[in-house]
Amino acid sequence: MELFNNLIFGFSVAFSLQNLLYCFIGVLVGTLIGVLPGIGPMATIAMLLPITYNIPPVAALIMLAGIYYGAQYGGSTTSILVNLPGETASVITCIDGYQMARQGRAGPALAIAAIGSFFAGTVCTMIIAMFGPPLAEMALKFGSPEYFSLMVMALVTAAVLAHGDMLKSLAMVVLGLLLGIVGSDVDSGIKRFCFNFFELTDGIGFVIIAIGVFAVGEIISNLSDPEERQVFTSKVGSLYPTLQDMKQSIAPIIRGTAIGAFFGTLPGTGPAISSFSSYMVEKKAARDPSRFGRGAIEGVAGPESANNAAAQCAFIPTLTLGIPGSGTMALMLGALMIHGITPGPMVMVQQPDLFWGLIASMWIGNLMLVVLNLPMVGVWVSVLKLPYRMLFPAIMVFSAIGIYSTNNVSFDVYLAAIFGVLGIAWRVLGCSPIPMLLGFVLGPIMEENLRRALQVSEGDPSVFLTRPISLAFIIATVLILVVMVMPAVRKRRDDIVG
Amino acid sequence: MRKAKLKRKSLPMMVLGALLAVAVAFPLATALGAADAYPSKPVRMIISFAPGGSTDIVGRLIATKLSERLGKQVVPENRSGGGGTLGIEMVAKSEPDGYTLLFTSSAIAINPLLDKVPYDPVKSFIPIAKMGNAPAVLTVHPGVQANSVKELIALAKKQPGNLVCAAAGVGSFVHLASELFKMMAGIDFKIVQFKGGGPAMIDTMGGHSQILVGTITMTLPQIKTGKLKALGFGGSARSKLLPDLPTVSEAGLPGYEASIWWGLFAPAGTPMVIVDRLQKELDAIINSEETKKIFEVQGAEPDLLGTADFVKFIEAEGVKWGKVVKEGNIRKE
């Protein structure tokens, strides 16, 4: 009952004209920067931070939060339409979303992304309101051994679920791990594979690889095949999902939301890992996994729900404990402190209008985003009617601007061009870039936590088995291996014999 | 017929046009301004760290205030990478005409100690002014059986190498401040590295690490709610934010002091008229009430030093941390 009263109080705060306006500005700006590749919520929030000095803290936070989760909505748009990931977390949406667009189903893909995100946003608003503080305490129980075991589970699951040529997948995972090594070693500070470029000391940006491989690679290969150029102009089908689409998407949306909520609450993981995991799970859960990569709507519904859930649940540790789960969340904390508010458990008691107002505004913001995005679907889809000689250069320009503006370094643009060429090579060789990206994302986290855990335990690997949470992940990993690999091996052997 | 076709094409074109406009306007929006003596055009202020950190927040504040006083836009531009070295190098190689300035932290003095860098903190620049300090706080997980600096030192002596101290990356301020504490107290504990201060703090709050020497901005909320236990303050005097907390120096380790500091730099060869003008404006900015307030929530103390004193200070910092780097054997190569 108290929760109910609190939420009503929150809505009364969020429904003030001023707060509604700031919420709207936030989600609108968020959608825009989400659509533009490279320009992420972090840079935008940093730039807007000084403006918030002069507006009330509740309004400031509502706006900044709107930018953050609005970007997750917008990020899927370019992924689906032109294979250009607008945000890190929407890379996975490129795979099936873009294939749907090529089959004339861009409308349903965009709509299901918005609907899934809205569902995830609604559920996560409730989760924050009901279980925020205990969940944040749970997140603190994760030390280096737990993170390592969790990542092992994620990587093993992904490897087991991978389809197609096992050897090629493994090679791509290893390549991803190697690319992840580039940059300063966290433990020793020594630069690895930097070739005396200071630009590489912080590692290669995920967005650079993704834009290079997906967007640039796609354009080059499209141009090399004259028939493919016409692919969009001829077929732009129905704008909205069919009943069949909706039915297929319900379960992925629910699973994606659960996965996103889990990873979002853990500091240091976030939306990218959530959407990857969701995609892998959907691929496994599907009756016919071979549809994935060829425009399966589940491959859009699940990951899009997951990344929005993760973005939303990242507020749990930030609001309830005052700990930053990511760089963007650190900025939010900074915004609070500028207004003289000490983030942490006391915020709920001392500034109930801020806490509950923000939570209520998140739901309102999600509603605004759906209202904003669904009618836009038609407008976005019409972009595809552009002749390729205009569309392709435009995509290249946006990609370059986006990549450059992330760090203001032109080196990154050249790097993306190199990855574009590599993307073509992999396409020709029939290697999927997904295992590579997975290795690239998970590898550094695994390495860092493995070494730290062993450093603390003085080289004794039993820490992974003696700590209960870590042990649970290891057991789950072994179970997954046994359950999944056994039939697969048997089947493969049959294939060879047959 | 023809009309209909035109119309169909114009909608996507409009969307594309609008998108292009937004994308182009985004980086340029802040760069608009008009003309007079110095500055006769917008001034670029390179911040050598990513958006969102304390250096960025303070740098942007200074840029806003400088814009108001100079009557021209001072445009902050984040150029992060290489622990700040990329942005620092860029300004070192810029035209010394007063239109490219550098806002950076103590990293400018510390990076050359750790690695080969393409600049010299004093020779490549005119250090215009030092603006403030943000001292460290020595904290432990609340479960650690030590309620003072002395008790912590005693505990570490009883079980050498057992306690784990979380740091924010090799050569980071958090790392060096921890190393300095270890060195001066003559004790031994493990220092493990994280990617940044946030993860290091979270690990300490969870009790996986025991010691964290963090900035006051980062740790204050946790200290107030009892998730971290503060033992000592790394400044030369007590902090207004935690008046009951003794300095590390008074609590058992005389002479311990560890602070991040910030300053504005111009490339060597910049005309002194410009440097003097900037110094005058900074003087007024640092002494304004608003700046003091924002510094305070950042856990920082305004501390204005002019060029001559600033140069001496930078050299002294190089000597002080050089010793820590050498004894702790901290290198990035």
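The values are calculated or read from the model by the stated rules, or taken from the named source; none is laboratory data. Computed from a predicted structure; not experimentally measured. Here Cβ is always computed from backbone atoms with ideal geometry, including for glycine, and neighbour counts include all displayed protein chains.
Which one of these is at pLDDT below 95 and either part of a loop (DSSP other than H, G, I, E, B) or more than 18 Å from B:Phe49 (Cα to Cα) (or both): B:Gly171, B:Gly87, B:Gly83? Before the answer, list the steps.
Numbers: B:Gly87 fails: either part of a loop (DSSP other than H, G, I, E, B) or more than 18 Å from B:Phe49 (Cα to Cα) (or both); B:Gly83 fails: either part of a loop (DSSP other than H, G, I, E, B) or more than 18 Å from B:Phe49 (Cα to Cα) (or both).
That would be B:Gly171, the only listed residue that is at pLDDT below 95 and either part of a loop (DSSP other than H, G, I, E, B) or more than 18 Å from B:Phe49 (Cα to Cα) (or both).
With the structure loaded, tell me whether B:Ile211 is more than 9 Å from every other protein chain (Cβ to nearest Cβ) and within 18 Å of the chain's Cα centre (by Cα) or whether it fails that test.
No, not satisfied.
Where in segment A:176-269 are there helices (runs of 4 or more DSSP H), lying wholly inside it, with at least 1 residues that are at pLDDT 80 or above? Before you say what the answer is, go through the steps one by one.
Details: elements: A:206-210, A:217-224, A:226-229, A:231-234, A:243-265.
In segment A:176-269, the matching helices (runs of 4 or more DSSP H) lie at A:206-210, A:217-224, A:243-265.
Could you tell me whether B:Phe233 is surrounded by 23 or more Cβ atoms within 10 Å (Cβ to Cβ), among the hydrophobic types (A, V, I, L, M, F, W, C) and over 23 Å from A:Thr269 (Cα atoms)? Lay out the reasoning, then the answer.
Working: surrounded by 23 or more Cβ atoms within 10 Å (Cβ to Cβ): yes; among the hydrophobic types (A, V, I, L, M, F, W, C): yes; over 23 Å from A:Thr269 (Cα atoms): yes.
Yes: the conditions hold for B:Phe233.
List the number of the failed condition for A:Thr328; all other conditions in (1) out of contact with any Phe, Trp or Tyr (no Cβ under 9 Å at 6 or more places or on another chain); (2) within 8 Å of another protein chain (Cβ to nearest Cβ) hold.
Going through (1) out of contact with any Phe, Trp or Tyr (no Cβ under 9 Å at 6 or more places or on another chain); (2) within 8 Å of another protein chain (Cβ to nearest Cβ) one by one, A:Thr328 breaks only (1).
Of all residues in segment B:292-329, which are within 24 Å of B:Asp56 (Cβ to Cβ) and within 14 Å of chain A (Cβ to nearest Cβ)?
Across segment B:292-329, the qualifying residues are B:Lys292, B:Lys293, B:Ile294, B:Phe295, B:Glu296, B:Val297, B:Gln298, B:Gly299, B:Ala300.
Just one of A:Leu336, A:Leu354, A:Leu391 is closer than 20 Å to A:Asn222 by Cβ, more than 22 Å from the chain's Cα centre (by Cα) and touching a residue at least 12 places away in the same chain (Cβ under 8 Å); which is it? First the steps, then the outcome.
Working: A:Leu336 fails: closer than 20 Å to A:Asn222 by Cβ; A:Leu354 fails: closer than 20 Å to A:Asn222 by Cβ.
Of A:Leu336, A:Leu354, A:Leu391, the one residue that is closer than 20 Å to A:Asn222 by Cβ, more than 22 Å from the chain's Cα centre (by Cα) and touching a residue at least 12 places away in the same chain (Cβ under 8 Å) is A:Leu391.
When you check A:Pro317 against the structure, is it in contact (Cβ under 8 Å) with a residue 24 or more places away in the chain, within 12 Å of chain B (Cβ to nearest Cβ) and either over 13 Å from the mean Cα position of the chain (by Cα) or buried (at least 24 other Cβ atoms within 10 Å of the Cβ) (or both), yes or no?
Values: in contact (Cβ under 8 Å) with a residue 24 or more places away in the chain: yes; within 12 Å of chain B (Cβ to nearest Cβ): yes; either over 13 Å from the mean Cα position of the chain (by Cα) or buried (at least 24 other Cβ atoms within 10 Å of the Cβ) (or both): yes.
Answer is yes for this residue.
Among the residues of segment A:427-459, which ones are assigned to a helix (DSSP H, G or I), away from chain B (no Cβ under 12 Å) and surrounded by fewer than 19 Cβ atoms within 10 Å (Cβ to Cβ)?
Residues satisfying the conditions are A:Arg427, A:Val428, A:Leu429.
Return a yes/no flag: does segment B:206-225 have any residue that is assigned to a loop (DSSP other than H, G, I, E, B) and of a type in the set (D, E, K, R).
Our first condition is that a residue be assigned to a loop (DSSP other than H, G, I, E, B); within segment B:206-225, this holds for B:206-210, B:225.
When the remaining residues are screened for being of a type in the set (D, E, K, R), the result is none.
No.
Checking the conditions here, which among B:Ala284, B:Ala266 is crowded, with 21+ Cβ neighbours inside 10 Å and either outside the structural domain of B:Ser54 (by TED's automatic domain parsing) or modelled with pLDDT of 90 or more (or both)?
Numbers: B:Ala284 fails: crowded, with 21+ Cβ neighbours inside 10 Å.
Just one listed residue meets the conditions, B:Ala266.
Answer yes or no: is there a residue in segment B:145-154 that is modelled with pLDDT of 90 or more, closer than 30 Å to B:Ser67 by Cβ and touching a helix residue (DSSP H, G or I) at 6+ places or on another chain (Cβ under 6 Å). Break it down stepwise before answering.
Of segment B:145-154, the ones modelled with pLDDT of 90 or more are B:145-154.
After this cut, where a residue has to be closer than 30 Å to B:Ser67 by Cβ as well, the list is none.
Looking through segment B:145-154, none of the residues is modelled with pLDDT of 90 or more, closer than 30 Å to B:Ser67 by Cβ and touching a helix residue (DSSP H, G or I) at 6+ places or on another chain (Cβ under 6 Å).
When A:Tyr279 is evaluated against the numbered criteria (1) out of contact with any helix residue (DSSP H, G or I) (no Cβ under 8 Å at 6 or more places or on another chain); (2) away from chain B (no Cβ under 14 Å), which criterion, by number, is the only one it fails?
(1)
Return only the number of the condition from (1) at pLDDT 75 or above; (2) surrounded by 23 or more Cβ atoms within 10 Å (Cβ to Cβ); (3) not polar (S, T, N, Q) that A:Val381 does not satisfy.
If we test A:Val381 against (1) at pLDDT 75 or above; (2) surrounded by 23 or more Cβ atoms within 10 Å (Cβ to Cβ); (3) not polar (S, T, N, Q), just (1) comes out false.
Of all residues in segment A:119-131 being more than 16 Å from A:Leu3 (Cα to Cα) and surrounded by 24 or more Cβ atoms within 10 Å (Cβ to Cβ), which is modelled with the lowest pLDDT? Explain how you work it out, then say what you get.
Just the residues of segment A:119-131 that are more than 16 Å from A:Leu3 (Cα to Cα), to begin with: A:119-121.
Keeping just the survivors that are surrounded by 24 or more Cβ atoms within 10 Å (Cβ to Cβ) gives A:120-121.
Details: A:Ala120: 92, A:Gly121: 89.
For segment A:119-131, the residue satisfying everything is A:Gly121.
Please pick out the residue among A:Tyr73, A:Tyr68, A:Tyr98 that is closer than 23 Å to A:Leu391 by Cβ, at pLDDT 85 or above and of a type outside the set (Gly, Ala, Ser). Lay out the reasoning, then the answer.
Numbers: A:Tyr73 fails: at pLDDT 85 or above; A:Tyr68 fails: closer than 23 Å to A:Leu391 by Cβ.
That would be A:Tyr98, the only listed residue that is closer than 23 Å to A:Leu391 by Cβ, at pLDDT 85 or above and of a type outside the set (Gly, Ala, Ser).
Counting just the residues of segment B:91-102 that are touching a Ser or Thr at 6+ places or on another chain (Cβ under 8 Å) and not in a loop (DSSP other than H, G, I, E, B), which one comes out nearest to B:Asn287 (Cα to Cα)? Talk me through it step by step, then tell me what you get.
So in segment B:91-102, the residues touching a Ser or Thr at 6+ places or on another chain (Cβ under 8 Å) come out as B:91-92, B:94, B:96-98, B:100, B:102.
Going one step further and asking which of them are not in a loop (DSSP other than H, G, I, E, B), we end up with B:91-92, B:100, B:102.
Working: B:Val91: 27, B:Ala92: 28, B:Thr100: 24, B:Leu102: 21 Å.
Filtering segment B:91-102 for residues that are touching a Ser or Thr at 6+ places or on another chain (Cβ under 8 Å) and not in a loop (DSSP other than H, G, I, E, B), the one nearest to B:Asn287 (Cα to Cα) comes out as B:Leu102.
Within segment A:292-327, track down each residue that is under 18 Å from A:Asn83 (Cα atoms) and either modelled with pLDDT under 85 or part of a loop (DSSP other than H, G, I, E, B) (or both).
Kept after step one, since they are under 18 Å from A:Asn83 (Cα atoms), are these residues of segment A:292-327: A:292-304, A:307.
A:Phe292, A:Gly293, A:Arg294, A:Gly295, A:Ala296, A:Ile297, listed by residue number.
Just a yes or no: is a residue in segment A:423-440 closer than 30 Å to A:Ser224 by Cα and among the hydroxyl-bearing types (Ser, Thr, Tyr)?
Yes, that holds for at least one residue.
Among the residues of segment A:403-446, count how many are at pLDDT 80 or above and either of a type in the set (Phe, Trp, Tyr) or in contact with a strand residue (DSSP E or B) (Cβ under 7 Å, 6 or more places away or on another chain) (or both).
6
Working only within segment A:12-31, note down all residues that are in contact with a Ser or Thr (Cβ under 9 Å, 6 or more places away or on another chain) and under 15 Å from A:Leu64 (Cβ atoms).
Once the filter is applied, which keeps residues that are in contact with a Ser or Thr (Cβ under 9 Å, 6 or more places away or on another chain) and under 15 Å from A:Leu64 (Cβ atoms), segment A:12-31 yields A:Ala14, A:Asn19, A:Tyr22, A:Cys23, A:Gly26, A:Val29, A:Gly30, A:Thr31.
Confirm whether B:Ala92 is at pLDDT 90 or above, among the hydrophobic types (A, V, I, L, M, F, W, C) and surrounded by fewer than 24 Cβ atoms within 10 Å (Cβ to Cβ). Working first, answer last.
Values: at pLDDT 90 or above: yes; among the hydrophobic types (A, V, I, L, M, F, W, C): yes; surrounded by fewer than 24 Cβ atoms within 10 Å (Cβ to Cβ): yes.
The answer is yes for B:Ala92.
Evaluate the following for A:Met348: is it surrounded by fewer than 20 Cβ atoms within 10 Å (Cβ to Cβ) and closer than 30 Å to A:Asn6 by Cβ?
Values: surrounded by fewer than 20 Cβ atoms within 10 Å (Cβ to Cβ): yes; closer than 30 Å to A:Asn6 by Cβ: yes.
So A:Met348 fits the description; yes.
Only residues that are of a type in the set (Gly, Ala, Ser) and at the interface with another protein chain (Cβ under 7 Å from one of its Cβ atoms): list them for segment A:331-359, please. Write out each step before concluding.
First pass over segment A:331-359, keeping only residues of a type in the set (Gly, Ala, Ser): A:334-335, A:340, A:344, A:357.
Scanning segment A:331-359 gives A:Gly334, A:Gly340, A:Gly344.
Looking at B:Gly84, B:Gly59, which one is touching a residue at least 40 places away in the same chain (Cβ under 8 Å), of a type outside the set (A, V, I, L, M) and under 27 Å from B:Glu296 (Cβ atoms)? Show your work before the answer.
On the way: B:Gly84 fails: touching a residue at least 40 places away in the same chain (Cβ under 8 Å).
Only one candidate qualifies: B:Gly59.
Restricting the search to segment B:118-166, which residues are more than 14 Å from every other protein chain (Cβ to nearest Cβ), surrounded by fewer than 21 Cβ atoms within 10 Å (Cβ to Cβ) and small (Gly, Ala, Ser)?
B:Ser124, B:Ala146, B:Ser148, B:Ala154
So is A:Val377 closer than 23 Å to A:Ala71 by Cβ, away from chain B (no Cβ under 14 Å), out of contact with any strand residue (DSSP E or B) (no Cβ under 8 Å at 6 or more places or on another chain) and not charged (D, E, K, R) or not? Please lay out each step first, then the result.
Values: closer than 23 Å to A:Ala71 by Cβ: yes; away from chain B (no Cβ under 14 Å): no; out of contact with any strand residue (DSSP E or B) (no Cβ under 8 Å at 6 or more places or on another chain): yes; not charged (D, E, K, R): yes.
So A:Val377 fails the test.
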